């Protein structure tokens, strides 16, 4: 009995788990590949770190981002 999670099925296709384990997890690359597939230009806006506490006064999610330091 083969207990390998990433084994190839009888047809020859790899399992989705194998692909997920090898997938690039960088958000910018994921967004860029998605934009490429849709034929769109990727446009990102980056919020400066010093602006997070000020933006947190108006947006509770950004306040939590600053509090948890997910930057």
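The values are calculated or read from the model by the stated rules, or taken from the named source; none is laboratory data. Here the structure is a predicted model, which means the values were calculated and not measured. Cβ: placed from backbone, ideal geometry, glycine included. Neighbour counts: every protein chain shown.
Values as computed for the structure displayed
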read-out: Selected residue (criterion: modelled with the lowest pLDDT) from residues of the range 23-56 that are exposed (fewer than 10 other Cβ atoms within 10 Å of the Cβ) and not in a loop (DSSP other than H, G, I, E, B); value: 27
read-out: Pair list, Cβ under 9 Å, 6 or more apart: the range 40-51 residue in the same structural domain as residue 68 (by TED's automatic domain parsing), other residue modelled with pLDDT under 90 and in a loop (DSSP other than H, G, I, E, B); value: 49/71
